[in-house]
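No lab work stands behind these numbers, since they all come straight from the coordinates. Just so you know, these numbers come straight off a predicted model, no measurement behind them. Glycine also receives a Cβ, built like all others from the backbone with ideal geometry; neighbour counts cover every protein chain displayed.
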Amino acid sequence: MARVLVIGCGGVASVAIQKCCQVSEVFTEMCIASRTKSKCDALAAKLSPLTKTQITTAQVDADDTKQLINLIHAYQPDLVMNIALPYQDLTIMDACLACGVDYMDTANYEPENTDDPAWREIYEKRCREEGFSAYFDYSWQWAYQERFAKAGLTALLGCGFDPGVTQAYCAYAQKHEFDRIDTIDILDCNGGDHGYAFATNFNPEINLREVSAPGSYWEDGHWVEIPAMSIKREYDFAEVGHKDMYLLHHEEIESLAKNIPNVRRIRFFMTFGQSYLDHMRCLEDVGMLSTTPVLYEGREIVPIQFLKALLPDPATLGPRTKGKTNIGCIFTGEKDGKEKTYCIYNVCDHQACYKEVGSQAISYTTGVPAMCGALMLLTGKWKKPGVYTVEEFDPDPFLDALDRYGLPRREDRAPVLVD
Ligand code: NDP
């Protein structure tokens, strides 16, 4: 029925691709295109005997809009799934517009080179005006709203777990559980242990940039920014147990603040073990997290990219990681004139994911929503010309698909609140 072009073939993409192949009655044809074609070929060879989806592969540098346009013209997909890196969001959106194809991704745009003076000028203005200093924000992609709307195309932004499912949980709470939502706490707990002293669960460069940045939250109509890791709480997560979690800036806060009417406060917490934090602080102190190139023995290297080359590839953590993730949202607000609290979340088992698709739960909890988001677009349930985040669509068919394809929701009607 539909033909999709997937860009990227890393940890998250390989899960999304495998899940698409499980729904071959919708995903009838697929082209996997990435920078390193051999990875696409290896995955295609593994999956082709097991699925009815017709898989082809291609090499593409997604930083190059012309190459993307040529590929899209040649393959004629119904949808482009961008599961490469946030650096490629804008070039891929440009190519989709040029070719008249719907677009989706799993993370909002950030530039690879944060020293680029043209980008920096806009970034510094945004920091002053908006009050948060993360390198990523939605303004770059929201700027495509009119062009996508005029072209009759849909761009679905940030359809992983967080961002992604967490916003569908918010839309669900708004639709079914509350007349007014006052506060939202998004809690991302990874209770998995991979046995390494230090490794990241998804792309190290993107992960370390996010975690080492100042934290921030939305309160009473504006951002409150705090030093990185300076707000810590302990929480008892279902099926995981007690964990320390830290307040981070996270991209879905930005769109939820716009789309959940009158919400008073939105915070995001993520769990980290002491070993991870100690290593990260040390690496930051010695300059290894820097994105600014340094000259080493006559060659320019970017410290964080060199570090990435040394760290375990997240795609190899699958067989080693044991334990569960627990990610969800806790709400306070009002229904039928009464104060209420509510929590909706998912628990995912690292080893069960590995058994099913050969990946750990972080790639799984991102790849499954990417497939379900694509399913919503291809079946017309979320077709709406313009650029949208997940909470702007009907959450019901999406959460039904997640229940069915591996990430079932759970509810708690008397959750312990975070102070
Ligand atoms: P990986 O580093 O494992 O994979 C990235 C893939 O993109 C690789 O196949 C890489 O190719 C390819 N790629 C990179 N640059 C280019 C380029 N210029 N042209 C073509 N292909 C390119 O990353 P992950 O799978 O861990 O993450 C994928 C995305 O998912 C990221 O955007 C990440 O931020 C997002 N994410 C979202 C989450 C959510 O909950 N919403 C959670 C976790 C991740 P090569 O093999 O050559 O390196």
Label-point separation (nm) for Glu130 and Lys66, each offset 7 Å from Cα along Cα-to-Cβ?
-> 3.2 nm
Loop-located trypsin sites (Lys or Arg not before Pro) in region 29-116, at most 12 other Cβ atoms within 10 Å (DSSP) | Lys52
DSSP beta bridges in the chain [antiparallel fraction, %, rounded to 5] = 60 percent
Within the chain, which is the longest segment containing none of the GluC sites (Glu not before Pro) that sit in a DSSP loop and have at most 12 other Cβ atoms within 10 Å?
-> 26-296
What is the spin-label model distance, in nm, from Thr36 to Tyr196 if the labels are put 7 Å beyond Cα along the C-beta direction?
-> 1.4 nm
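Mind ordering 302-309, 326-333, 153-160 by average Cβ neighbours within 10 Å, highest first?
153-160, 326-333, 302-309
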If we count other beta carbons within 10 Å of each Cβ, what is the order of Ser139, Ser34, fewest first?
-> Ser139, Ser34
Quick calc, Lys338 & Ala149: beta-carbon distance into FRET formula, R0 30 Å, rounding 0.05, result 0.15
Asserting the computed 222 nm helical MRE of the chain (DSSP H runs at least 4 long, -39500 (n - 2.57) per run, divided by residue count, to nearest 500) equals -11000 deg cm²/dmol
Of Gly191, Leu156, Ala58, which is farthest along the charge dipole of the chain in the positive direction, counting Lys and Arg as +1 and Asp and Glu as -1 at C-beta?
-> Ala58
Within region 190-211, whose backbone N sits under 20 Å from a point 7 Å along Cα→Cβ of Ala352?
-> 190-194
Along the Cα-to-C-beta direction of Arg120, a point sits 7 Å from the Cα; which residues of region 201-228 have their amide N less than 20 Å from that point?
-> 209-210, 213-214
Calculate the dipole size of the chain relative to its Cα centre from +1 charges on Lys and Arg beta carbons and -1 charges on Asp and Glu beta carbons; express the result in debye to the nearest 20.
-> 1040 debye
Please say if the chain is rounded, prolate or oblate, where rounded means a/c under 1.5 for a ≥ b ≥ c the square roots of the C-alpha gyration tensor eigenvalues, and otherwise the choice is prolate for a/b larger than b/c and oblate otherwise?
-> rounded
Residue among Pro397, Val418, Thr379 farthest towards the positive dipole end of region 365-419, charges placed on Cβ | Thr379
Gaussian network model of the chain, springs between alpha carbon atoms under 10 Å - residue of Trp140, Trp382, Trp223 with greatest fluctuation = Trp140
Sorting His249, Ser363, Pro214 by the position of each Cα along the dipole of the chain (Lys, Arg +1; Asp, Glu -1; all at Cβ), the one nearest the positive end of that ordering is Ser363
Evaluate the distance, in nm, between pseudo-label points positioned 7 Å from the Cα of Thr379 and of Ile226 along their respective Cα→Cβ axes.
-> 4.0 nm
Going through the DSSP H helices of the chain, which span 18 Å or more along their own axis at the Cα atoms while scoring at least 0.5 as a mean Kyte-Doolittle hydropathy?
-> 361-378
So between Ala45 and Ala74, what do we pick up on full extension, going 0.36 nm a residue minus the alpha carbon distance?
-> 8.3 nm
List the trypsin sites (Lys or Arg not before Pro) in region 314-419 that DSSP assigns to loop (not H, G, I, E or B) and whose Cβ has at most 12 other Cβ atoms within 10 Å. Which are they?
-> Arg413
Sketch the reach of a paramagnetic label on Arg320 as a point 7 Å from Cα along Cα-to-Cβ, and name the residues of region 278-313 whose backbone nitrogen lies under 13 Å away.
-> 310-313
What does the charge add up to near Val80, with Lys and Arg as +1, Asp and Glu as -1, over the other residues with Cβ less than 12 Å from its Cβ?
-> -4
